[in-house]
1. Read through the list (1) modelled with pLDDT under 85; (2) surrounded by 19 or more Cβ atoms within 10 Å (Cβ to Cβ); (3) in a helix (DSSP H, G or I), then give the number of the only condition that Glu274 fails.
2. Within the stretch 59-98, which residues are more than 24 Å from Leu119 (Cβ to Cβ) and of a type in the set (Asp, Glu)?
3. Let me confirm something: among Leu231, Leu243, Leu264, which residue is among the aliphatic types (A, V, I, L, M) and under 18 Å from Val92 (Cα atoms)?
4. In the stretch 85-108, is there at least one residue being without any contact (Cβ under 8 Å) to a residue 40 or more places away in the chain and either assigned to a helix (DSSP H, G or I) or small (Gly, Ala, Ser) (or both)?
5. Does the stretch 65-72 contain any residue that is among the polar types (S, T, N, Q), at pLDDT 80 or above and either assigned to a loop (DSSP other than H, G, I, E, B) or farther than 30 Å from Arg185 by Cα (or both)?
6. Take the conditions touching a Ser or Thr at 6+ places or on another chain (Cβ under 6 Å) and either within 25 Å of Thr322 (Cβ to Cβ) or at pLDDT 90 or above (or both) and apply them to Val247. Does it pass?
7. Report every pair of residues separated by at least 6 positions or lying on different chains whose Cβ atoms are under 7 Å apart, first residue within the stretch 136-160 and of a type in the set (Ser, Thr, Tyr), second outside any helix (DSSP H, G or I).
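The values are calculated or read from the model by the stated rules, or taken from the named source; none is laboratory data. This one's a predicted model, so the numbers in the text were calculated from it and none came from an experiment. Neighbour counts are summed over all protein chains in view; Cβ atoms, including those assigned to glycine, are modelled from backbone coordinates with ideal geometry.
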Amino acid sequence: MTTQTAMRKTTGSDERSEARRAAVKKYYIYVVLLLIVAIFSLVKIGEVGLFGRGAFLSPDSVINMLRISVPILTVSGAFTLLMISGYIDLSVGSAMSLSAVVFSWMILNGFPFLLAFVLTLVAGIGMGLLNGFNVMKLRITPVIATLVTLNLFKGIALLIVPDGTSAIKSTAAQKMPALINTYARQDVLLGLPLAFFVSLAVILALVIVQRKMVLGKYAAAIGGNRTAAELSGISPVKYVWVLYVIVGFFAAAAGVARASYMSLGDPLSGEGMETACIIAVLLGGTAFSGGEGSVAKTMIGAIIITCVTTGLMTVIPAYWQTLAMGSVLLVAVVINQLISQEKVKA
């Protein structure tokens, strides 16, 4: 009887411990978000508030942050599905920059807005196809393959920009049409542009894809155990290639949003987006090795990134912001590693 009682106590203790680990894994990202918001709302450096123009959660500040968050919200959901499958795309920032340049060039040269938008999305699909071909057909390691296209897309964007200028933008000789602002600056509802509501629709669609559709389930299967997935009749080449195309498509959409918001096509406008996506994905609990993750939680991670970058840019120089983002990445990696270790123990 004593042995049985001890066994029951041990089992009960293990169950409680497992329940606590599950709760931490499920809710920690919301705690991180609340801490970030509290810090930027309450803390001051000297006489300067961390959000110097007003309260961090004032309506104007929230609307501004939501506008700024559109590119990362647009692309990080697709990035999550790709990482769940065990692959990565380091060229997403350069794809976004090239798309912004291509879209701005077309608008500046008289293309109708809708046609320019569609052609830019087609260009994004082409970039995704190229990445998928390099990784899945040529079997180049994803990091190397997408590092190559990172520089390729960046180089093409720089070539499109006229000599002596830094971006595709208005000049004395040629004015940028106001319609470039239609997508990401023109208010539609609650002071927010169409681009923001499109990003919400993208998030909802990708959550459904992950939870309910074959592509999401197969991505997790491929990332969890590629050999087992192949033996089950799943084609990693086919589905991962599709995921690269989806990432390219939404990187192009994010590039259009950035160009529309800035009223120009900057060949460096997407710089750092790959890092921001990785941080958001890791904060959201997606395993770096693939197999599991959450598009919905990645969106919380993206909001955290936006809060940090927006809050810091008001009081510290750019190089300190880079250090801060590196620190956030380190925290994201550590949290992700701890979660992975707990999963192995379980």
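1. (1)
2. The answer is Asp60, and nothing else.
3. Criteria check complete, one pass: Leu243.
4. Here is the first cut: in the stretch 85-108, the residues without any contact (Cβ under 8 Å) to a residue 40 or more places away in the chain are 106.
Still in the list and also either assigned to a helix (DSSP H, G or I) or small (Gly, Ala, Ser) (or both): 106.
The answer is yes; a qualifying residue exists.
5. Looking through the stretch 65-72, at least one residue is among the polar types (S, T, N, Q), at pLDDT 80 or above and either assigned to a loop (DSSP other than H, G, I, E, B) or farther than 30 Å from Arg185 by Cα (or both).
6. On the way: touching a Ser or Thr at 6+ places or on another chain (Cβ under 6 Å): no; either within 25 Å of Thr322 (Cβ to Cβ) or at pLDDT 90 or above (or both): yes.
No: the conditions fail for Val247.
7. Short answer, once both residue conditions are applied: Thr146/Ile88; Thr146/Asp89; Thr146/Leu90; Thr146/Ser91; Thr149/Ser91.
Listed here are the residues, each with its yes/no results for (1) crowded, with 19+ Cβ neighbours inside 10 Å; (2) under 30 Å from Ser58 (Cα atoms).
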position: Val143; (1), (2): no, no
position: Leu147; (1), (2): no, no
position: Met176; (1), (2): no, no
position: Leu189; (1), (2): no, yes
position: Ala195; (1), (2): yes, yes
position: Leu200; (1), (2): no, yes
position: Ile208; (1), (2): no, no
position: Val214; (1), (2): no, no
position: Pro236; (1), (2): yes, no
